[in-house]
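Novice: Would you mind keeping the following structure in view while I ask a few things?
The values are calculated or read from the model by the stated rules, or taken from the named source; none is laboratory data. Remember, it's a predicted structure, so these values are computed and weren't measured experimentally. Note that we place each Cβ from the backbone using ideal geometry, even for glycine, and neighbour counts take in every protein chain shown.
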């Protein structure tokens, strides 16, 4: 079956035939579950345009003993970023937006300044590439910072804020650097969401639906849960095993930082503002479908030229803190130096993760797409599982390079 089509139910699929790759990934999943580093996961692998591996493993809800299901819904956190970035590029393709537009054209009241009070021009390209001068509140010092002082939401906790109010607060915090002069992982995609809403004259949710979901026939992606029974609870790594997240968790990602405010119930709040950087909910299968659509050239969402621009390093020789060997494109990292990144991925591969426990990568050279959504932070985002999974996939593919891995096919 083609992975640019909606995934068919498992009962319509023949048994998986590629024992080497399946056994390699199964071994990684089972060891990680035995080690109690993950509670549950959905892993999908596409190679040369065919789905070659699919498995839901562990528990969706450990306490209720509910097994993980392939169509489980997850809080996407930063997996939202490439999705919202594609929506912006679709507007560029329609001629409604330009990469080098000054965003004040669309957000006239949004005018953050440099630390010395000097005005700054921010472009759409800089929002997409995270070179606009922003950061995240969770990356500020645990002693405090301007984002926390201004009450800016990172988009993962519940609040009574609207998107407009959050951007207003953000505009009062100084930029960290002159736009375009440096790089910093940031809330920029939330600002991009504000631009998209202004350009379309509707909500970001409606824009995502019109620009991405409807053209691809996606039904799960959105800022509110389509089926609460499919939403997996969230877990947090702890000893001796991950624990179910409390109503509000504040978890430092790096030592000395303020920590991410994770509030799982936000996904059930239809009034929560549309956070472009972290607020979407979705399934692994639909996200794989989107990635494969992009890898194959972008139709019907984008022309190939815009996909190529999206996958082009926009940050030159700038160092990406915590991502050695990688640059940043328009919505995700782009691999520059596999040795520095300590990965088997090919130069030009795309990758990003999500705080609630997700990782994914696309290797255009190998025609390979891997999506691993889990319900366990932070192991599923940057733990040993992500390294072991990547090594297992490439180990199996490289050991059988002269053979085509058998795809999963629908019964005739």
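Novice: Any residue in the stretch 358-378 that is within 18 Å of residue 323 (Cα to Cα) sitting within a Cβ distance under 9 Å of a residue that is modelled with pLDDT under 95 and part of a loop (DSSP other than H, G, I, E, B)? List the pairs, counting only those 6 or more apart or interchain.
Specialist: 378/253
Novice: Let me ask you something else. Taking the criterion of being out of contact with any helix residue (DSSP H, G or I) (no Cβ under 9 Å at 6 or more places or on another chain) and farther than 19 Å from residue 290 by Cβ, would at least one residue in the stretch 34-51 satisfy it? Talk me through it step by step, then tell me what you get.
Specialist: Taking the stretch 34-51 as the starting set, the residues that turn out to be out of contact with any helix residue (DSSP H, G or I) (no Cβ under 9 Å at 6 or more places or on another chain) are 34, 36, 48, 50.
Retained after the next criterion (residues that are farther than 19 Å from residue 290 by Cβ): 34, 36.
Yes, because at least one residue in the stretch 34-51 is out of contact with any helix residue (DSSP H, G or I) (no Cβ under 9 Å at 6 or more places or on another chain) and farther than 19 Å from residue 290 by Cβ.
Novice: Also: Would you mind stating whether residue 91 is out of contact with any strand residue (DSSP E or B) (no Cβ under 9 Å at 6 or more places or on another chain), modelled with pLDDT of 95 or more, outside any strand (DSSP E or B) and surrounded by 15 or more Cβ atoms within 10 Å (Cβ to Cβ)? Let's see the steps before the verdict.
Specialist: Working: out of contact with any strand residue (DSSP E or B) (no Cβ under 9 Å at 6 or more places or on another chain): yes; modelled with pLDDT of 95 or more: yes; outside any strand (DSSP E or B): yes; surrounded by 15 or more Cβ atoms within 10 Å (Cβ to Cβ): yes.
So residue 91 fits the description; yes.
Novice: Any idea how many residues of the stretch 124-134 are in contact with a helix residue (DSSP H, G or I) (Cβ under 7 Å, 6 or more places away or on another chain) and either without any contact (Cβ under 8 Å) to a residue 60 or more places away in the chain or assigned to a loop (DSSP other than H, G, I, E, B) (or both)?
Specialist: Total satisfying the criteria: 3.
Novice: Which condition does residue 173 not pass, out of (1) surrounded by fewer than 21 Cβ atoms within 10 Å (Cβ to Cβ); (2) touching a helix residue (DSSP H, G or I) at 6+ places or on another chain (Cβ under 9 Å); (3) in contact (Cβ under 8 Å) with a residue 60 or more places away in the chain; (4) assigned to a loop (DSSP other than H, G, I, E, B), if it passes all the others?
Specialist: (1)
Novice: Mind checking which residues of the stretch 366-378 are surrounded by fewer than 24 Cβ atoms within 10 Å (Cβ to Cβ) and under 14 Å from residue 49 (Cβ atoms)?
Specialist: Within the stretch 366-378, 366, 367, 368 qualify.
Novice: Also, quick follow-up: Quick one: would you say residue 229 is at pLDDT 95 or above, out of contact with any helix residue (DSSP H, G or I) (no Cβ under 8 Å at 6 or more places or on another chain) and in a loop (DSSP other than H, G, I, E, B)?
Specialist: Answer is no for this residue.
Novice: Also, I was wondering about something else. For the stretch 281-328, how many residues meet the condition of being under 22 Å from residue 45 (Cβ atoms), in contact with a strand residue (DSSP E or B) (Cβ under 8 Å, 6 or more places away or on another chain) and part of a loop (DSSP other than H, G, I, E, B)?
Specialist: Matching residues across the stretch 281-328 total 2.
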